[in-house]
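Peer 1: Dropping a structure here in structure tokens format, bear with me for questions.
The values are calculated or read from the model by the stated rules, or taken from the named source; none is laboratory data. Since the structure is predicted, the reported quantities are computational estimates derived from the model, not experimental observations. Using ideal geometry, Cβ is built from the backbone for each residue, glycine included, and neighbour counts are taken over all protein chains shown. These accessible areas exclude ligands, DNA and RNA; they are computed on the full protein's heavy atoms, side chains included. Shrake-Rupley method; radii C 1.70, N 1.55, O 1.52, S 1.80 Å.
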Amino acid sequence: MIHFLPSALPSLVLCSDLIASERSIIHHGAVLAWSALGRSQQTALSGIFTCTKLKLWNKYRVSNIPSLIFIDAATGKVVCRNGLLVIRDDPEGLEFPWGPKPFSEVVAGPLLRNNGQSVDSATLEGSHVGVYFSAHWCPPCRSLTRVLVESYRKIKEAGQKFEIVFVSADRSEDSFKQYFSEMPWLAVPYSDEARRSRLNRLYGIQGIPTLIVLDPKGEVITRQGRVEVLNDMECREFPWHPKPVLELTDSNAVQLNEGPCLVLFVDSEDDGESEAAKQLIQPIAEKIIAKYKAKDEEAPLLFFVAGEDDMTDSLRDYTNLPEAAPLLTILDMSARAKYVMDVEEITPEIVEAFVSDFLADKLKPEPI
């Protein structure tokens, strides 16, 4: 559902939810003091509405509901991705319009080491920083932490200026202390719930574990620190600047759920074949990424090359793709849709036309 704040306020609110009846919509709208379409209107416009909703989900990388995103209506740029935390933490709207603040300002204050020592956040200046959202109760978090401890050690031993700040999502201070005792880095005090919440809001955290990697100026290098750490155990590519085209692996396959992804399937386990495929689509990927970066927006597509392995076979089976290779596809998991180009030879011109037609809504989707 899309809601507009009163015109006096310079923001647009995108809110996605599920409401069972027109009466509940009316009640919901009355409580929130926002306008909403009734069920009968939704039914009449269901096709348009569904298409628009999916585009909005993809554009703003919504992965779960309820999700509330604040946008500057004049520019279309995201003001805050985690609006639910905003209205919980600031119900009176005293901090409106809730725009993003620098990391150094949000994290400002004492940080802890697991021996109880306190250090000021100013010690982070001049370093790459990993902001680590995690919790002891989460099995994938504990698995990642074990790997991350080794990565942290290797990076520090290589003489790199790098620090990690743990932002706990534990359910008690005792759990936090037990989990933090395994970590050689810094943490926001568990008692400082407001600061932990502000960091969650700053990066729009929708799930854990999440590792955000920042440059020394506090700008985001990658939100996919988890994937990078697991794919680069020796930390040779630290600080993990994003690549335009990724080779699809077990560890980065989770990114297929983040929005539409171009996946070029190749007919070989040979690294040379995969590398040639990456070189083929990389100029198109770089062009798309640069175009949207200039508008301060995330690219509408991720780009992958997939070889032959069990994970790729499972993906083909799940999406009911033909066994042909090379096979050029765009997979949109959230919309449960796929776009397939099965031709004997994939050329840069074919890839560019395929991408352009997709972005212009000229392709007809097939169901997944």
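Peer 1: How many Å² of accessible area per residue for region 103-231, probe 1.4 Å?
Peer 2: On the way: 5600 Å² over 129 residues.
Normalised by residue count, the accessible surface of region 103-231 is 43 Å².
Peer 1: Straight-line reach from Lys364: which lysines have a Cα under 20 Å away, not including same-chain ones fewer than 8 places off?
Peer 2: Hits, sequence-local ones excluded: Lys53, Lys55, Lys59, Lys338.
Peer 1: Calculate, in nm to one decimal, what Glu125 and Asp267 gain on full extension: separation in residues at 0.36 nm each, minus their alpha carbon distance. Provide the component values of the computation, followed by the final result.
Peer 2: Numbers: separation 142, 0.36 × 142 = 51.12 nm, distance 4.74 nm.
Full-extension gain reported as 46.4 nm.
Peer 1: Work out the FRET efficiency for Asn114 and Glu323 from their Cβ-Cβ distance, taking R0 = 56 Å, and round it to the nearest 0.05. Walk me through the intermediate numbers first.
Peer 2: Details: r = 51 Å, r/R0 = 0.92.
In this case the efficiency is close to 0.65.
Peer 1: For region 246-367, what does the accessible surface come to per residue with a 1.4 Å probe? Please give it in Å².
Peer 2: Ligands and nucleic acids excluded, the result is 52 Å² per residue.
Peer 1: In whole angstrom, note down how far apart the Cα centers of region 316-344 and region 136-164 are.
Peer 2: 36 Å
Peer 1: Let me see the pair-distance distribution of region 246-367: every alpha carbon pair, 10 Å bin width, integer percents in order.
Peer 2: Calculated over all Cα pairs of region 246-367, the distribution is 13, 49, 34, 4 percent.
Peer 1: I would also like to ask the following. Tell me, what is the FRET efficiency for Ser143 and Ala74 to the nearest 0.05, using R0 = 41 angstrom and their Cβ-Cβ distance as r?
Peer 2: Values: r = 44 Å, r/R0 = 1.06.
Between Ser143 and Ala74 the formula returns 0.40.
Peer 1: Further question: Measuring from label point to label point, each 7 Å out along Cα→Cβ, what is the Asp296 to Thr347 span in nm?
Peer 2: Between Asp296 and Thr347, the label points sit 4.0 nm apart.
Peer 1: Of all trypsin sites (Lys or Arg not before Pro) in region 153-249, which ones are in loop regions per DSSP and have a Cβ with at most 11 other Cβ atoms within 10 Å?
Peer 2: On the way: sites: Arg153, Lys154, Lys156, Lys161, Arg171, Lys177, Arg195, Arg196, Arg198, Arg201, Lys217, Arg223, Arg226, Arg236; in loops: Lys161, Arg171, Lys217, Arg223, Arg236.
Loop-located and lightly packed - Arg171, Lys217, Arg236.
Peer 1: Along the charge dipole of region 248-330, pointing to its positive end and built from +1/-1 on Cβ of Lys, Arg, Asp and Glu, which listed residue (Tyr292, Thr329, Thr319) has its Cα farthest out?
Peer 2: It is Tyr292.
Peer 1: Can you pull out the GluC sites (Glu not before Pro) in region 291-368 that DSSP calls coil and that have at most 13 other Cβ atoms within 10 Å?
Peer 2: On the way: sites: Glu297, Glu298, Glu308, Glu323, Glu344, Glu345, Glu349, Glu352; in loops: Glu297, Glu298, Glu308, Glu323, Glu344, Glu345.
For GluC sites (Glu not before Pro) across region 291-368 that sit outside H, G, I, E and B with at most 13 neighbouring Cβ atoms in 10 Å, the list reads Glu297, Glu323, Glu344, Glu345.
Peer 1: Counting DSSP beta bridges in region 246-367, what percent are antiparallel, to the nearest 5?
Peer 2: On the way: 12 of 19 bridges.
Percent antiparallel among DSSP bridges in region 246-367 is about 65.
Peer 1: Restrict the search to region 317-368; then list the trypsin sites (Lys or Arg not before Pro) that DSSP places in a loop and that have at most 14 other Cβ atoms within 10 Å of their Cβ.
Peer 2: Arg336, Lys362
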